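Working notes, beginning with the structure itself.
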Amino acid sequence: MPVEITSRKNEIVKEYLRLAGSPAYRCEKHRFSAEGARLCADAALSGITVAALMYTDSASQKYGPYLEKIRTASENEYIISPAVAQYISDTKHPQGIFCVCISPEMGSGFFEKTKGRHLAVLENIQDPANLGAVLRTAEALGVGGVILAGKCCDPMSPKVLRTSMGALFRLPLLHSSGASEIIAELNALGYATFAAVPDNSVPLVTSVCFNKPSAAVIGNEGNGLTEEAKHACTASITIPMKGRAESLNAAASAAILMWEMMRDCLGDSDR
């Protein structure tokens, strides 16, 4: 039988909030928090261990099929009051389902899983909404994996999880302390590495043939790629733009670059 929680001071509630609010604590405990019926069910179905499942009575009635999927991966179960659900929710209208999950091993077997497939490398991406959008697009397009280089925001943060729609549960991820180091490793493995830059003097991404395993390298929202990252890549590419804007949002740039990189795989080989 699930244990009932009605107090905001309950240790499970405090643990959930601390995980939701602190990247350092998530890293220390190797756990993260997730909210919402679909996201929590995605985690469970993707092989994530659920250390604690919390839900309201009304959520159990409204989202019963989702809860059954989560229960298969859950170690502990709690019924919480609507007041507690509102207190811990990161949204205005909570569905009333929350999980504390064991973090997956990032990077484990990354190059074995992604061998022969195109990759995206993100350097110093700071906006969780951008990171979440890139991960969601990468999974949708069939990109082999994503490498987070330098000081990227935490992929297990609530906003990244929500924006990615659970993509990071299924998409191979690797973290590298520096972009130039991981780019050099990719080069040594035979990848073609392309620095995405707002520079009309370099080839357009639409003119490049991605006929070998390739990695598109996308930089920080405000500063773009570091010089070290650019120089480490085997080539530079740019997105053609006819408007007055000097550059695109990082998530938009990544979406275009990944689409072009995956065109042949998606069935569009007309260049």
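Observations on the model:
- Odd one out for Thr193, checked against (1) modelled with pLDDT under 95; (2) in contact with a helix residue (DSSP H, G or I) (Cβ under 6 Å, 6 or more places away or on another chain); (3) over 30 Å from Asp42 (Cβ atoms): (1)
- Leading residue by the ranking (nearest to Met156 (Cα to Cα)) among those in region 26-43 that are buried (at least 16 other Cβ atoms within 10 Å of the Cβ) and more than 16 Å from the chain's Cα centre (by Cα): Lys29
- If only residues of region 1-25 that are assigned to a helix (DSSP H, G or I) and basic (Lys, Arg) are counted, the one that is surrounded by the most Cβ atoms within 10 Å (Cβ to Cβ) is Arg18.
- Selected residue [farther than 18 Å from Leu161 by Cα and out of contact with any His (no Cβ under 9 Å at 6 or more places or on another chain)] from Tyr16, Tyr87: Tyr87
- Here Met258 meets the list (1) more than 18 Å from Ala138 (Cα to Cα); (2) at pLDDT 95 or above almost entirely, failing just condition (1).
- Per the conditions (1) closer than 30 Å to Ala232 by Cα; (2) modelled with pLDDT under 95; (3) of a type outside the set (A, V, I, L, M), the sole criterion not satisfied by His93 is (1).
- Scanning region 121-162 for residues that are hydroxyl-bearing (Ser, Thr, Tyr) and over 20 Å from Val100 (Cβ atoms) turns up just one, Thr137.
- Strands (runs of 3 or more DSSP E) fully within region 44-111 that include at least 1 residues being acidic (Asp, Glu), touching a residue at least 60 places away in the same chain (Cβ under 8 Å) and surrounded by fewer than 19 Cβ atoms within 10 Å (Cβ to Cβ): 77-80.
- When the residues of region 118-159 are filtered to those that are among the polar types (S, T, N, Q) and buried (at least 20 other Cβ atoms within 10 Å of the Cβ), the one that is farthest from the chain's Cα centre (by Cα) is Asn124.
The values are calculated or read from the model by the stated rules, or taken from the named source; none is laboratory data. These figures come from a predicted structure and were not determined experimentally. As a convention, Cβ positions derive from the backbone with ideal geometry for all residues, glycine included, and neighbour counts pool all protein chains shown.
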